[in-house]
Amino acid sequence: MKVLVVGSGGREHALTWKIAQSERVEKIYAAPGNPGMAELATCLDIKADDIDRLLAAAKKHAIDLTVVGPEIPLVAGIVDRFKEAGLRIWGPSKAASELEGSKVAMKEFLRRYNIPTASFKIFNHAQSAHAYLDEVGAPIVIKCDGLAAGKGVTVAATVEEAHEAVTAIMERQVFGAEAGKHVVIEEAMRGEEISMFAFCDGHNAVLCDLAQDHKQAFDGDKGPNTGGMGAFTPAPGLVSEKDEDEIVRRILVPTLNGLVHEERPYVGILYIGLMLTEAGPKVVEYNVRFGDPECQPLMLRLKSDLVEVLEACVDGTLDKVELDWTTDTAICITMASGGYPGNYASGKAITGLDNPDVQAGATVFHAGTALKNDELVTAGGRVLSVCALGSDVEDARAKVYPLCKQIAFAGAHYRSDIGRRHG
Ligand code: AMP
Ligand code: GLY
């Protein structure tokens, strides 16, 4: 079969790498892809959110299955458009993608089904939001509605910071006029954060092993939030059996049932961001796609044929699927451009990927890379996902970090403590 992968990050390279291992697959296309994906797929010069052209390309190349990596095309309704055209596509519908597309809709959904989450209020006017902040004080969390590339949430330690966030969202409308119409103000939760991923076919769900992301830019969880600086899986001991049972019973099952009830059954991968609070696990957010970088170490450990799993999601036959993982631990280190997540330079030459030790010991997924005069250069904030397997977290760390040292580009930075907290 022919598969089209939509996206161009480390997550999409990892999905493409895993899809390429399937005996069922004869050809892979990627849109737009990246230089790493180009080694496995034919890259099409179409942006991930250009649904019209993606649809035309899928028809032209007789694609049997389209796999969508990022949230923007999902929230924009790529799945509905492909299905209307009679094409098979893996991912949630526009209606189901609202769980990530609108924080207001997400919180109201959680409330409708009594799913544990931070208590919250929604405001439609800046004035009443400011008045509420003066009443409740800090710490407090401000969330803008709509997609904001991970920048729409402020965990405010002081009331001043909280006021500033409301002003930015609603008065200065830094995320746009639409996103500035409402704001969610919610209780600041405390606890360990984990990402849970479940493949879903509308009615059935199969859980992936737990993965943990490291969101802050610098060691010791310091610095600004990023898309994710590294991850590892499995994460044994992170969640007690009791918590895991509660997550399934009180969060996953009611989420899927609620969406069925609302005639928007969930197909694809559901990413539930959770906080393990003193009062039990609570939902921080839903995402309607794989986490990046969590996807990379998960793909490294998955022994099952990913294409069979994706097809079972689309066909509604996940009840017949069991996921098979290696017992090894996989780790992923994000190598980022200097300055990320703020301003950074691009076009820096990348060296060391052909080092024999790197070739033998690491699986390197590309994210922000480009070819310039046949030379691999940096072209984004997160540049490479350097992954390795080990017998446990410590072993995986011991394997991956010497290999990261072999890879270089001007200004490169990465965290040296991925997995350390639980090693
Ligand atoms: P989100 O974009 O919803 O994932 O939020 C980004 C990050 O903000 C999360 O990963 C959490 O670390 C933090 N966060 C969001 N909501 C809360 C909350 N209610 N309490 C504490 N931290 C939160
Ligand atoms: N790693 C966090 C995310 O993909 O949103």
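Which one is farthest from residue 301 (Cα to Cα), of the residues in segment 344-370 that are outside any loop (DSSP other than H, G, I, E, B) and without any contact (Cβ under 8 Å) to a residue 60 or more places away in the chain?
Once the filter is applied, the top-ranked residue is 351.
Residues in segment 327-350 that are of a type in the set (S, T, N, Q) and loosely packed, with under 13 Cβ neighbours inside 10 Å: how many?
Here the count works out to 2.
Within segment 181-205, how many residues turn out to be open to solvent by 20 Å² or more (accessible area, probe 1.4 Å) and either within 13 Å of ligand 1 (Cβ to nearest atom) or closer than 23 Å to residue 270 by Cα (or both)?
Number of matching residues: 10.
When segment 213-234 is examined, which residues are found to be polar (S, T, N, Q) and either touching a Ser or Thr at 6+ places or on another chain (Cβ under 9 Å) or more than 11 Å from ligand 1 (Cβ to nearest atom) (or both)?
Those that are polar (S, T, N, Q) and either touching a Ser or Thr at 6+ places or on another chain (Cβ under 9 Å) or more than 11 Å from ligand 1 (Cβ to nearest atom) (or both): 216, 226, 233.
Sort out which residues of segment 236-288 are assigned to a loop (DSSP other than H, G, I, E, B) and open to solvent by 10 Å² or more (accessible area, probe 1.4 Å), and write them in order of number.
Within segment 236-288, 236, 237, 238, 239, 240, 262, 263, 264, 265, 278, 279 meet the criteria.
Checking the structure you have, find out if any residue of segment 275-290 is within 16 Å of ligand 2 (Cβ to nearest atom), among the hydroxyl-bearing types (Ser, Thr, Tyr) and over 20 Å from residue 214 (Cβ atoms).
Within segment 275-290 (the criterion being within 16 Å of ligand 2 (Cβ to nearest atom), among the hydroxyl-bearing types (Ser, Thr, Tyr) and over 20 Å from residue 214 (Cβ atoms)), the answer is yes, since at least one residue qualifies.
Which of the following residues is out of contact with any helix residue (DSSP H, G or I) (no Cβ under 7 Å at 6 or more places or on another chain), of a type in the set (D, E, K, R) and within 16 Å of ligand 2 (Cβ to nearest atom): 151, 143?
151 is the lone residue from the list that is out of contact with any helix residue (DSSP H, G or I) (no Cβ under 7 Å at 6 or more places or on another chain), of a type in the set (D, E, K, R) and within 16 Å of ligand 2 (Cβ to nearest atom).
Inspect segment 295-305 for any residue being more than 23 Å from residue 75 (Cβ to Cβ), open to solvent by 30 Å² or more (accessible area, probe 1.4 Å), of a type in the set (A, V, I, L, M, F, W, C) and out of contact with any strand residue (DSSP E or B) (no Cβ under 7 Å at 6 or more places or on another chain) and give the result as yes or no.
Within segment 295-305 (the criterion being more than 23 Å from residue 75 (Cβ to Cβ), open to solvent by 30 Å² or more (accessible area, probe 1.4 Å), of a type in the set (A, V, I, L, M, F, W, C) and out of contact with any strand residue (DSSP E or B) (no Cβ under 7 Å at 6 or more places or on another chain)), the answer is no, since none of the residues qualifies.
Any residue in segment 120-133 that's within 15 Å of ligand 1 (Cβ to nearest atom): show its pairings with residues that are of a type in the set (Ser, Thr, Tyr) and open to solvent by 30 Å² or more (accessible area, probe 1.4 Å) at Cβ separation under 9 Å, as long as the two are six or more apart or on different chains.
Going by the 9 Å Cβ cut-off, the qualifying pairs are 121/132.
Between 282, 242, which is of a type in the set (Lys, Arg) and either under 18 Å from the mean Cα position of the chain (by Cα) or away from ligand 1 (no atom under 14 Å from the Cβ) (or both)?
Matching residue, one of 282, 242: 242.
So residue 333 fits all but one of (1) among the hydrophobic types (A, V, I, L, M, F, W, C); (2) within 16 Å of ligand 2 (Cβ to nearest atom); (3) in a loop (DSSP other than H, G, I, E, B); what number is the exception?
Residue 333 satisfies every listed condition except (3).
If residue 227 passes every condition in (1) assigned to a loop (DSSP other than H, G, I, E, B); (2) without any contact (Cβ under 8 Å) to a residue 60 or more places away in the chain; (3) under 24 Å from residue 341 (Cβ atoms) but one, which one does it miss?
(2)
Output the number of the condition that residue 363 fails; it satisfies all remaining conditions of (1) at negative phi; (2) open to solvent by 40 Å² or more (accessible area, probe 1.4 Å); (3) polar (S, T, N, Q).
Residue 363 satisfies all of (1) at negative phi; (2) open to solvent by 40 Å² or more (accessible area, probe 1.4 Å); (3) polar (S, T, N, Q) except (2).
Do we find a residue being within 16 Å of ligand 2 (Cβ to nearest atom), at positive phi and of a type outside the set (Ser, Thr, Tyr) anywhere in segment 161-184?
For segment 161-184, residues within 16 Å of ligand 2 (Cβ to nearest atom), at positive phi and of a type outside the set (Ser, Thr, Tyr): absent.
Among the numbered criteria (1) open to solvent by 60 Å² or more (accessible area, probe 1.4 Å); (2) touching a residue at least 24 places away in the same chain (Cβ under 8 Å), which one does residue 173 miss?
(2)
Of the numbered conditions (1) open to solvent by 10 Å² or more (accessible area, probe 1.4 Å); (2) in contact (Cβ under 8 Å) with a residue 60 or more places away in the chain; (3) within 12 Å of ligand 2 (Cβ to nearest atom), residue 215 satisfies every one except a single condition; which is it?
With (1) open to solvent by 10 Å² or more (accessible area, probe 1.4 Å); (2) in contact (Cβ under 8 Å) with a residue 60 or more places away in the chain; (3) within 12 Å of ligand 2 (Cβ to nearest atom) applied to residue 215, the lone miss is (2).
Quick one: which residue in 94, 121 is open to solvent by 20 Å² or more (accessible area, probe 1.4 Å) and closer than 18 Å to residue 72 by Cα?
94
Which count do you get for residues in segment 137-165 that are in a loop (DSSP other than H, G, I, E, B), over 18 Å from residue 179 (Cα atoms) and open to solvent by 20 Å² or more (accessible area, probe 1.4 Å)?
4
Given the residues 86, 33, 77, which is the only one that is surrounded by fewer than 22 Cβ atoms within 10 Å (Cβ to Cβ), without any contact (Cβ under 8 Å) to a residue 40 or more places away in the chain and in contact with a Ser or Thr (Cβ under 8 Å, 6 or more places away or on another chain)?
77
What single numbered condition from (1) in contact with a His (Cβ under 9 Å, 6 or more places away or on another chain); (2) modelled with pLDDT of 95 or more; (3) part of a helix (DSSP H, G or I) fails to hold for residue 104?
Answer for residue 104: the failing condition is (2).
The values are calculated or read from the model by the stated rules, or taken from the named source; none is laboratory data. These numbers were taken from a predicted model, which means no experiment stands behind them. So basically every Cβ, Gly included, is an ideal-geometry build from the backbone, and we count neighbours across all protein chains shown. The area values use the complete protein model at the heavy-atom level, side chains included, leaving out ligands, DNA and RNA. Shrake-Rupley method; radii C 1.70, N 1.55, O 1.52, S 1.80 Å.
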